[in-house]
Amino acid sequence: LGHDLVESATPATVAAAVEGNPPALPMPPGLDAYLARGGYVALRAVRRAGDAGRDAMLATLEAASLRGLGGAGFPASRKWRLVLSQPGPRHVVVNADEGEPGTFKDRYCLETEPHRVLEGMLIAAHAVGAEACWIYLRDEYPHLRHALRREIAALDAAGIAGLPIHLRRGAGAYICGEETALLESLEGRRGYPRHKPPFPGEHGLFGRPTLIHNVETLWFLPEVLGEPDGAARFAKRGRRGRQGLRFFSVSGRVRRPGEKLAPAGVTARELIEEFSGGMAEGHRFAAYLPGGASGGILPASMADLPLDFGTLDSVGCFVGSGAVVILSNQDDLAEAARNLVRFFRDESCGQCTPCRVGTAKADALLRAPRWDRALLEELAAAMADGSICGLGQAAMNPVRSLLRHMPEAVP
Ligand code: SF4
């Protein structure tokens, strides 16, 4: 459940943050610093343009090809249009509950410039005529909760907010990063994903049309909508015919792991060589996870594929939230796949049988000294076809991709 300022069993640092004392982690820059850098100029401009400026905003968003960057890659402008087509009152929800293994971009954005995300949120709220904004924040980021509370209060005091901004805590459930489970949690219920349709844009928070955006999508909005030629400049920054920029969380056996702002369509090899200082000492590139736990595993021989939404469909993988994990000749790839399936077994919400029973069954099958490949494939197909949400549908991606692309690594 997501509760505002309700304590659960939390470490001392969290308790300290709730009491008003920031824990010993980097505290992000405040409102004054952001205003001094020209912050909130884009928001002022779109508010000045009023309702009449809405069509121009949507056209600009389309020209930028900005997508929802939480994992699904749905075009942002289509989300806005869907919400706008529904009668008010409407809500905006910020999904800051990143839990995908290897993903730390929300943390990077909120630590680096929280007001850029808040400005993006207020621009989106203006665009869809929202009456309130809701931020659902991963509970493992207590310093960011402290900072956001402080900065939301500063926005209120400065008269910039213009509508209520509610900050809510997640409580450590991976599934609550799934947008409809998040809505359930925000409403005070157990985080069970909803059946779709209806989509949140039609029937979202408290049954109202709701625009849900990831932190990263909002991060780009002030730049795309607020700068002269912002959309065109943003769109031009992709590679290999892709458009825009993406945050990639690069981890594993590289010399300089971290958050990398790179062109959409960059390859894993380029992320290693150009952005991460090459492979770590003593490690030879063997394989990579292009999209966290659920995006599958690919061999190093496929490291020149462009990383973007839809570009890995043909090889049965996806980039999702852009968590790229680099594995080396010193890693046991079958054990990596086992570990990922165990993660999904633990994080399955248990609502539907194909996922609840399927992840436990897969975990048991993967412990055998020799994998029953035909049975694993059959189980994977049943889970992909019958699960309610993406967790169960993608839980076997690591196993499936290993069987398909690196059968020599399978016991
Ligand atoms: Fe829950 Fe898994 Fe079913 Fe999703 S697929 S609703 S996580 S049991």
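When the P(r) of segment 199-322 is calculated, the portion above 26 Å amounts to 31% of the C-alpha pairs.
Diagonalising the gyration tensor over the Cα atoms of segment 139-280 and scaling each eigenvalue by 5 before taking the square root yields semi-axes of 31, 21, 19 Å, largest first. Put simply, the amide H of GLY201, placed in the peptide plane, has neighbours under 5 Å in THR210, leaving out anything fewer than 5 places away on its chain.
Charges were assigned to the Cβ only: +1 to each Lys and Arg, -1 to each Asp and Glu. The resulting dipole of the chain about its Cα centre is roughly 460 debye.
So if I place +1 on the C-beta of Lys and Arg and -1 on the C-beta of Asp and Glu, and nothing else carries charge, what would the dipole magnitude of segment 210-336 be about its Cα centre? I want it in debye, nearest 20.
280 debye
Give the calculated FRET efficiency between ARG367 and ALA59 to the nearest 0.05, with a Förster radius of 60 Å applied to their Cβ-Cβ distance.
Values: r = 54 Å, r/R0 = 0.91.
Computed FRET efficiency for ARG367 and ALA59 comes out at 0.65.
Gain in length, SER85 to ASN329, computed as 0.36 nm per residue apart minus the alpha-carbon separation, to one decimal in nm?
Extra length available between SER85 and ASN329 comes to 82.6 nm.
Restricting to DSSP H runs of at least four residues, report the calculated mean residue ellipticity at 222 nm for the chain, -39500 (n - 2.57) per run over all residues, nearest 500 deg cm²/dmol.
Values: 16 runs with 164 residues, N = 411.
The helix-only estimate for the chain comes to -12000 deg cm²/dmol at 222 nm.
Look at the dipole of the chain built from charges on Cβ: of ALA374, CYS176, GLN243, the Cα furthest out on the positive end belongs to GLN243.
How much of the calculated P(r) for the chain lies past 27 Å, in percent of all Cα pairs? So the portion of pairs separated by more than 27 Å is 52 percent.
Taking Cα pairs under 8 Å and at least six residues apart, what relative contact order does the chain come out at, in percent?
Contact order relative to length: 16 percent.
Fully extended, how many nm does the chain gain between VAL315 and ALA153 (0.36 nm per residue separation, minus their Cα-Cα distance)?
Using 0.36 nm per residue and subtracting the Cα-Cα distance, I get 53.6 nm.
Between LEU58, ALA323, ASN339, the Cα set farthest toward the positive side of the dipole of the chain (charges on each charged residue's Cβ, about the Cα centre) is that of LEU58.
Under a point-charge model restricted to the Cβ atoms of Lys and Arg (+1) and Asp and Glu (-1), what is the dipole moment magnitude of segment 302-408 relative to its Cα centre, in debye to the nearest 20? Kindly include the intermediate steps, with their values, before the conclusion.
Values: 10 positive and 14 negative charges, 78 e Å.
The calculation lands at about 380 debye.
Short-range pairs are left out: with C-alpha atoms under 8 Å and at least six residues apart, the relative contact order of segment 20-108 is 12 percent. Each of HIS91, PRO114, TYR141 was scored by the projection of its Cα onto the charge dipole of segment 39-142, and the greatest displacement toward the positive side belongs to HIS91; charges sit on the C-beta of Lys, Arg, Asp and Glu. Relative intensity of segment 302-411 on a log10 scale, I(q)/I(0) at q = 0.10, 0.12, 0.19 Å⁻¹, equals -0.28, -0.41, -1.04, per a Debye sum over C-alpha point scatterers of equal strength in the absence of solvent.
Here the Gaussian network model covers the chain, with springs between Cα atoms less than 10 Å apart; of LEU261, LEU211, LEU137, LEU261 fluctuates the most.
Based on the Kirkwood radius over alpha-carbon pairs, what is the Stokes-Einstein translational diffusion coefficient of segment 20-109 at 37 °C with 0.692 mPa s viscosity, in µm²/s? Please list the in-between numbers first.
On the way: Rh = 16.4 Å.
The calculation lands on 200 µm²/s.
The mean sequence distance of close C-alpha pairs (under 8 Å, at least 6 residues apart), as a share of the length of segment 271-389, puts its relative contact order at 20 percent. Between ARG48 and ARG240, full extension at 0.36 nm per residue minus the direct alpha carbon distance yields a gain of 65.4 nm.
How do LYS361, LYS260 rank when sorted from fewest to most other Cβ atoms within 10 Å of their own Cβ? Show your work: numbers first, answer last.
Working: LYS361 17, LYS260 21.
By the 10 Å Cβ count, ascending: LYS361, LYS260.
In order along segment 273-281, phi translates into HN-Hα couplings of 6, 8, 10, 10, x, x, 6, 5, 3 Hz, rounded to whole numbers, per the Karplus curve 6.51 cos²θ - 1.76 cosθ + 1.60 with θ = phi - 60° and x for Gly and Pro.
Here, each number is a calculation from the coordinates, and none is a lab measurement. These numbers were taken from a predicted model, which means no experiment stands behind them. Here the Cβ is made from the backbone with ideal geometry for all residues, glycine too, and neighbour counts use every protein chain on show.
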